[in-house]
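The values are calculated or read from the model by the stated rules, or taken from the named source; none is laboratory data. Since the structure is predicted, the reported quantities are computational estimates derived from the model, not experimental observations. Positions of Cβ are generated from backbone atoms using ideal geometry, with glycine treated the same way; all protein chains shown enter the neighbour counts.
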Amino acid sequence: MRRLPHLTADSAEADTARLDGAQLWERHGAEVYKFAALVSRGEVEAEDLAQEALLRAIRALPRFQAAKGKIEAWLWRIVVNTARDLGRVARRRAMLMERLELVGRAEPAIPDDVDARLTSRELLAAVRSLPKRQRTLIALRFASDLDYPAIGAILGLSSSAARSATRRSLALLRKRLETSSARSEEP
């Protein structure tokens, strides 16, 4: 029977000091993925969470101090914080999609049946296709739920200029949605 070496605090600390990113990934990757699979809504999201958490840990590995605790506790703090961060991003993204869908329904320039044909992915793609300033205006108004005076203050505009610029941005978005809708209907 093979005896395992007895690990003292000093030898455990030395073992951790020699740990590199590949070893961290190899030793803990499966456990991190299992955690991610349980807290995520789907397989792709779980893979993204696990990968992001392990990459953050690998980048932070030179700052790990074994004297302050075990590497597992340190790693799990990173994993949980990464899950929280990605959850916040997902919630903000979902809120933006909901608000953009409401804007599309409220504006008569978009045909009534466009919402039934338009997926969230298509709507987001249309917003992303806008120039940066228009994307920013839409994001500040509908994702951040800011009023026009606040948007104006951020962008160095008056409240009325912010309102006008946002309306022009929405008009451009509507036009792009109508154009892409018309193209998808062509035989």
- Arg3 passes all but one of the listed conditions (1) among the basic types (Lys, Arg); (2) in the same structural domain as Gly87 (by TED's automatic domain parsing); (3) modelled with pLDDT under 85; the exception is number (2)
- Message: Given the condition modelled with pLDDT under 85, in contact with an Asp or Glu (Cβ under 9 Å, 6 or more places away or on another chain) and among the hydroxyl-bearing types (Ser, Thr, Tyr), answer yes or no: does some residue in region 34-50 qualify?
- Response: yes
- Message: Please go through (1) without any contact (Cβ under 8 Å) to a residue 60 or more places away in the chain; (2) farther than 20 Å from Val89 by Cβ; (3) surrounded by 14 or more Cβ atoms within 10 Å (Cβ to Cβ) for Ile138 and return the number of the only condition it doesn't satisfy.
- Response: (2)
- Output the number of the condition that Phe142 fails; it satisfies all remaining conditions of (1) in contact with a Lys or Arg (Cβ under 7 Å, 6 or more places away or on another chain); (2) more than 21 Å from Ser180 (Cα to Cα); (3) at pLDDT 80 or above. (3)
